[in-house]
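Participant: Right, I'll just put the structure down here and ask away after.
Since every read-out is calculated from the coordinates, none of them should be taken as a lab result. Quantities reported herein were computed from a predicted structural model and do not represent experimental measurements. Cβ placement follows ideal geometry from the backbone for every residue including glycine, while neighbour counts extend to all protein chains displayed.
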Amino acid sequence: MKLTERRIREFECPVGKKDVLLFDDEQKGLGVRATASGRKSFLAQYTFAGMKRRIPLGSCSAISLAGARNAAQAILGKVANGRDPAADRKQAAADAKRKAAHDALTLGALLEQWQSLRLAKKRKRYVSEALRAVRYAFAKHLNAPAADLDRTADVEPVLDALTKAGRTAMASRTAAYGCACYRWAIGKGKLTANPFQNLSDAPVTERKRVLTDAELLAIWQATAGPGPFNAIVRMLALTGQRRQEVAGMTWNEIAPDLSTWTLPENRTKNGATHIVPLSAQAQAIIKAAPRRERSGTDPELVFWGQRGPFNGFGKAKASLDIASGVKDWRLHDLRRTLASGLQELGVKLEVTEAVLNHKSGSRAGIVGVYQVYDYAPEKRAALAAWGERVAAIVEGREAASNVTPFRAA
């Protein structure tokens, strides 16, 4: 039967049936389906490899009969050329779905998923550092598909730039963080390749900078004024702890008599609670710190910045370099300077590592499992001796003779 607009209007699905088909005698393969709900739509029917195929063309109210005939004719033309239009459509839909998923999983989105699904139980310090490092280094790629990040074209140039800028260690850590993120994504079936694998990494040069007595004096004198940064720098010099640990110090971590500072496990790099005995010099800095009233859920910080913990280290450090005249040094070098100074004072290596809260070296592996002694008395004596050593440097005198000397075992 030749289809006409009138026949299509009058065509109905018989009562008791789900649907019924009516085919056109003018255009082979063109049909109309009428359903029990009253809907009518065009379709194209053909046989490919012995299998009957049907492709929907659209509602009869949305496409004209002439348009449906043209569409059916085009489909049958493809069949005549050996193609399977239904399979082509299915493949195109699958490709579109994959592309949508590919485009939606940007590097930024991948990092967010990595954070919420994989890093939830990691230490906050690791999570913060890992995400910050990758986002900073690959800021221009955050809105691009994660799968498009290429080792040769993207990753290695970024890491090379960090290395050339003298940030070799940061380049190495960024590569490690990126590799961990992509490895997780591959395990989850989100990606198929890791652009951070098989990198031609430059070796990380271990930093060995130790400040001289003259440099330590210059830095101490340049931090004589008020302000959180000056106090933080001096506490770094006296305690040897990490920058963010000192900057995030709260009053409830300080003993009432100011004798100790207890870092909770969620604020240490190795996830272990760490007790730092405070020398007289360190106690004096804490006593001088202005105490603010706590607002809401804000922590009671000892060294307040403008809006919470002090974080303007870049500009403040640059100003300190000018004021002190000390060149080519980092705040972390104060930690190494303390460690070196303790060794000069004859402090045992395991005590120095306990002061620094290191779990490597003498306290690593099986030794660390069974060695539970915390060296509290030795740590107190060591930091008291170091505080007196710093005071002697600052005041231009010999260290007090009432400080117990250490001798290497």
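Participant: Order by neighbour count: ASP321, ASP103, fewest other Cβ atoms within 10 Å first, most last. Mind showing how you got there, number by number?
Facilitator: Numbers: ASP321 15, ASP103 12.
Lowest count first: ASP103, ASP321.
Participant: Which residues' amide hydrogens lie under 5 Å from the amide hydrogen of VAL276, considering only partners 5 or more residues apart or on another chain, with H built in the peptide plane?
Facilitator: TRP261, THR262, LEU263
Participant: Can you list the HN-Hα couplings for the stretch 345-351, worked out from phi with the Karplus curve (6.51, -1.76, 1.60; θ = phi - 60°), rounded to whole Hz and with x for Gly and Pro?
Facilitator: 6, x, 6, 5, 4, 5, 6
Participant: A further question follows. Label points 7 Å out from Cα along the Cβ direction at ARG39 and ASP88: separation in nm?
Facilitator: 2.5
Participant: Determine which aspartates and glutamates satisfy two conditions relative to LYS317: a Cα distance under 12 Å, and not lying fewer than 8 residues away in the same chain.
Facilitator: The qualifying aspartates and glutamates are ASP328.
Participant: Along the stretch 315-330, what does the Karplus equation 6.51 cos²θ - 1.76 cosθ + 1.60 (θ = phi - 60°) give for ³J(HN,Hα), rounded to whole Hz, x for Gly and Pro?
Facilitator: Karplus values, whole Hz, x for Gly and Pro: 5, 5, 5, 4, 5, 5, 4, 5, 5, 8, x, 7, 10, 6, 9, 10.
Participant: Okay, next question. Rank the residues CYS181, CYS13, CYS60 as a footprinting-exposure proxy: fewest other Cβ atoms within 10 Å of their Cβ go first. Mind dumping the intermediate values first?
Facilitator: Details: CYS181 25, CYS13 18, CYS60 21.
In increasing order of surrounding Cβ atoms, one gets CYS13, CYS60, CYS181.
Participant: Of the listed values (1) -0.43; (2) -0.55; (3) -0.48, grab the one calculated as log10 I(q)/I(0) by the Debye sum over Cα atoms at q = 0.07 Å⁻¹ from the structure here.
Facilitator: Step by step, log10 I(q)/I(0) by the Debye sum over Cα atoms at q = 0.07 Å⁻¹ for this structure corresponds to label (2).
Participant: Could you list ASP333, ASP374 in order of exposure, starting from the residue whose Cβ has the fewest other Cβ atoms within 10 Å? Kindly include the intermediate steps, with their values, before the conclusion.
Facilitator: Values: ASP333 21, ASP374 12.
Ordered by Cβ neighbours within 10 Å, fewest first: ASP374, ASP333.
Participant: Evaluate E = 1/(1 + (r/R0)^6) for ASP148 and ALA323, where r is the Cβ-Cβ distance and R0 equals 51 Å; express this FRET efficiency to the nearest 0.05. Mind showing how you got there, number by number?
Facilitator: Numbers: r = 46 Å, r/R0 = 0.91.
The value I calculate is 0.65.
Participant: Please give the peptides 50-56, 377-383 ranked by average Cβ packing (other Cβ atoms within 10 Å per residue), highest first, as a rough proxy for protection.
Facilitator: Details: 50-56: 11.7, 377-383: 19.4.
Going from most to least packed, we get 377-383, 50-56.
Participant: May I ask you to order 224-236, 62-74, 80-92 by the average number of other C-beta atoms within 10 Å around their residues, highest value first?
Facilitator: Values: 224-236: 18.9, 62-74: 15.8, 80-92: 12.2.
Final packing ranking: 224-236, 62-74, 80-92.
Participant: So which lysines pass the test for LYS121, namely a Cα distance under 28 Å, with those fewer than 8 places away in the same chain ruled out?
Facilitator: LYS188, LYS190, LYS269, LYS359
Participant: Could I ask something else about it? Using a Förster distance of 56 Å, how high is the FRET efficiency between ARG132 and THR4, based on the Cβ-Cβ distance and rounded to 0.05? Walk me through the intermediate numbers first.
Facilitator: Working: r = 69 Å, r/R0 = 1.24.
It comes to 0.20.
Participant: How long is the gain from LYS121 to TYR373 if the chain were fully straight, where each residue apart is worth 0.36 nm and the alpha carbon distance is subtracted? Can you show the working numbers first?
Facilitator: Details: separation 252, 0.36 × 252 = 90.72 nm, distance 2.77 nm.
Stretched out fully, the LYS121 to TYR373 stretch lengthens by 88.0 nm.
Participant: Here's a follow-up. Per residue of the stretch 209-215, in order, report the coupling 6.51 cos²θ - 1.76 cosθ + 1.60 (Karplus, θ = phi - 60°) as ³J(HN,Hα) in whole Hz, putting x for Gly and Pro.
Facilitator: Values per residue, Gly and Pro as x: 5, 10, 6, 6, 4, 5, 5 Hz.
Participant: Then there is this: For LYS78, list the aspartates and glutamates whose Cα falls under 12 Å from its own Cα; do not include residues on the same chain fewer than 8 positions away.
Facilitator: ASP88
Participant: How large is the charge dipole for the chain, taken about the Cα centre, if only the Cβ atoms of Lys, Arg (+1) and Asp, Glu (-1) carry charge, to the nearest 20 debye?
Facilitator: Details: 64 positive and 40 negative charges, 364 e Å.
It comes to approximately 1760 debye.
Participant: Rounded to the nearest 20 Debye, what is the dipole magnitude of the stretch 5-101 about its Cα centre when Lys and Arg each give +1 and Asp and Glu each give -1 at the C-beta? It would help to have the intermediate numbers written out before the result.
Facilitator: Details: 20 positive and 10 negative charges, 82 e Å.
That gives a dipole near 400 debye.
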